[in-house]
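Bear in mind these aren't lab numbers, they're just calculated from the coordinates by the rules spelled out. Quantities reported herein were computed from a predicted structural model and do not represent experimental measurements. Quick reminder, even Gly has a Cβ in these numbers, built from the backbone with ideal geometry, and neighbours come from all protein chains shown.
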Amino acid sequence: MTPPPAPPSPQQPTAPHRWSLALRLVLLTLVPALLVLVLGGWWLRYQMHASLYEAMAQTLQEKSLRIATRLQLHPTGKVQETPASGDEFSAIFSGWYWQVRQPQGQIVARSRSLWDQPDLQAHPAPLYGSHTLHRATGPQQEDLLTQTFPLPLPQAEAGSTAAPEDTPADPWQLEVFGPASDVQGNLRSIDRILLLTGAALLALLAGLIVLQVRIGLAPLRRLVQAIAQLRQPTPSAAPAVTQLQQLQVGPDLEALRQELLALVQQNAQIVARARSHAADLNHALKKPLSVLSAAAGNSPQVPADTVLEHARAMVRLIDRYQARTHSDATHAALATVGQHVPVRDCVEQLLHMMRQLHSAAELDWQLDWQLPPTSTLLWRGERADLEEMLGNLLDNAGKWAASTTCTTVALADDAPHTLCITIEDDGPGLSASQLQAAGARGVRFDESVDGSGLGLSITQHLAHSYAGQLQLDKSPRLKGLRARLHITGTLLQTADPTGRTNTPPRRQ
């Protein structure tokens with residue numbers, strides 16, 4: 001049995017053809033310029049042709065007046081020409097001709113220059129650029145230009161010539177012909193000059209446009225080259241952030257450079273946080289693993305409660321850093337997520353948890369809220385990060401305080417949208433050398449106190465990720481350690497007496 005033919009594989013959709021930016025700029029400038037150049041050249045050509053035709057029409061009109069003065073109507077009905085000295089209309093086939101046409105269309109008189117050739121016939125359609133001139137073909141098949149004029153013929157008496165003003169005008173017509181070679185030669189010269197001039201202008205304009213686009217897009221090409229070098233850095237190359245900061249792109253691309261710089265800095269920050277998370281997790285897992293290893297080395301059987309205790313500790317650590325990794329991903333897209341955390345609720349929940357965690361110490365956990373009681377303080381960020389930072393600082397204060405801790409929440413004086421949280425205790429504090437070493441990963445000043453030495457390091461790293469900082473010094477009020485946390489992205493909402501919420505305008 002023959003197997004059925006396989007169905008044809010679907011064709012991959014082809015990407016639409018996209019023109020480059022340089023080509024689009026050149027076309028957008030060159031096409032309108034070409035259109036203006038063609039229309040302007042056509043109008044100039046029409047005007048110059050019309051001017052030449054008008055000059056020819058004036059010449060024919062002047063000759064028609066001279067011819068009309070030599071013509072008379074004989075009583076017998078014939079048209080007589082007064083003898084004149086030799087002129088262009090007397091020389092045979094001179095190119096200048098005239099003929100008189102009756103209203104019925106018959107030719108009753110013509111110039112001697114026509115000799116015995118047939119009557120001339122003008123083309124019915126007028127010339128392009130003139131309403132009075134027509135084309136005609138001469139006796140030698142040459143091109144002629146002709147114009148028709150009304151001819152009032154005076155009546156001639158026997159033996160005498162009557163005055164033109166004494167006789168009524170005759171409705172006959174006088175057709176005057178002239179050579180078209182000179183006019184056509186001038187027209188061809190004009191067309192050739194216009195064509196060459198237009199081509200030269202178009203070529204010059206195209207060259208200038210290409211040069212302008214090439215020079216104008218040079219900063220963009222430098223930016224592209226800099227980004228390409230960032231993807232494939234050389235051993236001696238400067239850091240990506242330094243290269244972008246030193247790159248000169250001009251005012252038009254400065255906004256793009258700033259955005260790229262912010263993106264590179266954000267990516268570097270995410271990578272640094274990921275490495276820090278891995279290092280912190282590695283350091284935190286070493287303690288329970290080392291305890292289990294020591295217990296296993298001392299005895300062939302490790303107690304189950306010891307294994308369960310440290311296994312739960314490791315599970316909590318893994319869950320904690322997994323949550324922090326999710327927080328980093330959320331923080332990377334903070335502009336689109338836009339979460340607003342109520343600061344007071346978060347602080348009060350943490351204080352309540354710390355009272356239970358350190359209940360044996362019987363500490364006085366004070367909260368100094370230095371904001372209007374009717375206001376709502378919101379912080380734009382991830383709630384887990386705020387809880388992580390405050391939890392580490394409050395837990396550290398609870399471990400070392402003798403009787404009192406004080407948490408102060410306010411806004412920075414020099415930065416209205418910066419949250420300032422101060423946590424003080426009345427413990428022993430830290431010396432000057434210890435203050436300089438505080439915040440380093442894994443540094444502990446008293447091994448008798450439970451901990452991993454990562455709390456201050458994690459808090460400082462999280463504060464830097466939100467363009468903030470952590471400052472440690474001696475508390476002037478409680479004489480212990482004072483930790484001041486500054487983080488940006490704060491929004492303060494106040495309610496007026498009518499119940500409406502007012503949000504102060506955000507400063508740029």
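Details
- Semi-axes of the equivalent ellipsoid for the range 22-188, Cα gyration tensor, largest first, Å: 44, 16, 13
- Gain upon complete extension [Ala268, Thr488; 0.36 nm per residue less C-alpha separation]: 77.3 nm
- Dipole in debye (nearest 20) - the range 22-188, about Cα centre, beta carbon charges: Lys, Arg +1; Asp, Glu -1: 680 debye
- Measuring nothing but alpha carbons in the range 44-122 and taking Rh as the Kirkwood radius, the Rg to Rh ratio lands at 1.04.
- Note on Ser375 and Leu196: the extension gain reaches 56.7 nm, defined as 0.36 nm multiplied by sequence separation minus the Cα-Cα distance.
- FRET E, pair Val291, His340, Förster distance 51 Å, beta-carbon r, rounded to 0.05: 0.75
- Summarising the label geometry, the points placed 7 Å from Cα in the beta-carbon direction at His123 and Ser236 lie 7.7 nm from one another.
- Taking all Cα pairs closer than 8 Å and separated by 6 or more residues, the relative contact order of the range 22-188 comes to 23 percent.
- Annotation: amide H of Trp172 within the under-5 Å range of Leu151, Leu153, sequence separation 5 or more or interchain, hydrogens built in the peptide plane.
- The calculated FRET efficiency for Asp182 paired with Leu220, based on their beta-carbon distance and R0 = 51 Å, is about 0.35.
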